[in-house]
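Input: a single structure, listed below in structure tokens.
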Amino acid sequence: MVLAAGAATRFGSPKQRLLLPLVLERVRASRVDDVVVVLGAHDVETDARTVRAREWKRGPGVSLRAGLDALSPETEAAVVLLADGPNLAPAAIDRVVEAWRADGSPVVAASYGGVRGHPVLLAREVWASVPDEGARALEPRLVLCDDLGTPGDVDSADDLEPLS
């Protein structure tokens, strides 16, 4: 699931339109078999399945819950990423999923340099407990992804330069 619902006010324009194709390319290079994009503030053209978070202003958890609600009842876990992390390594997605499969931790997150990052995997058992502030409020099992480079975090046009 790619969260792309924000207003992108610091960027000055809908950065999702620019960055979402890059993020989706990375997701599709992983072993993830279903992709859902959660939109909110802006309409974005994409070939991925989309869900609208109508109350996205209340917080990232609202967008996250909108995406989770759109998943099939058979879905055991969701991998969550942000549309403004275009340098995400597909291997980070696979590594987080593999860690969840190995020990069943309900919340698993990639870490870079000891700092929690994305992707984050949420097992179905925690979906109902996602607060408005989002998955950041849930304590994860961290999976080291230092060797993969950080996914990036594009908040302003200046952040575009280091994209790989």
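The values are calculated or read from the model by the stated rules, or taken from the named source; none is laboratory data. Bear in mind the structure is a predicted one, so any value in this text is a computation, not a measurement. When we count neighbours, we look across all protein chains shown, and the Cβ atoms used for this are built from the backbone with ideal geometry, even at glycine. Each accessible area value is taken on the protein alone, full model and side chains, heavy atoms only, with ligands, DNA and RNA left out. Shrake-Rupley method; radii C 1.70, N 1.55, O 1.52, S 1.80 Å.
Could you pull out the residue among PRO60, PRO21 that is touching a residue at least 60 places away in the same chain (Cβ under 8 Å) and open to solvent by 40 Å² or more (accessible area, probe 1.4 Å)? Can you show your working first?
Working: PRO21 fails: touching a residue at least 60 places away in the same chain (Cβ under 8 Å).
None of the others qualify; the one that does is PRO60.
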Next on the checklist: Can you tell me which residue is modelled with the lowest pLDDT among those in region 6-40 that are more than 14 Å from the chain's Cα centre (by Cα) and closer than 18 Å to LEU68 by Cβ?
Outcome noted: GLY40
Checklist outcome for this item: The residue that is farthest from the chain's Cα centre (by Cα), considering only those in region 138-152 that are more than 16 Å from ALA78 (Cβ to Cβ) and open to solvent by 40 Å² or more (accessible area, probe 1.4 Å), is ASP147
Checklist entry - If a residue has to be over 21 Å from GLY134 (Cα atoms) and part of a helix (DSSP H, G or I) to count, how many in region 25-62 make the cut? => result 3
Item to check | Residue selected from region 78-118 under the condition of a type in the set (Asp, Glu) and modelled with pLDDT of 95 or more, by the criterion least open to solvent (accessible area, probe 1.4 Å) | outcome: ASP94
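Among the residues of region 119-137, write down those that are open to solvent by less than 10 Å² (accessible area, probe 1.4 Å) and of a type in the set (A, V, I, L, M). Break it down into steps so the answer makes sense when it comes.
Applying the first criterion (open to solvent by less than 10 Å² (accessible area, probe 1.4 Å)) to region 119-137 yields 119-123, 130, 134.
Across region 119-137, the qualifying residues are VAL120, LEU121, LEU122, ALA123, VAL130.
Of the residues ASP84, ASP103, ASP69, which is farther than 24 Å from PRO131 by Cα and of a type in the set (D, E, K, R)? Can you show your working first?
Details: ASP84 fails: farther than 24 Å from PRO131 by Cα; ASP69 fails: farther than 24 Å from PRO131 by Cα.
Only one candidate qualifies: ASP103.
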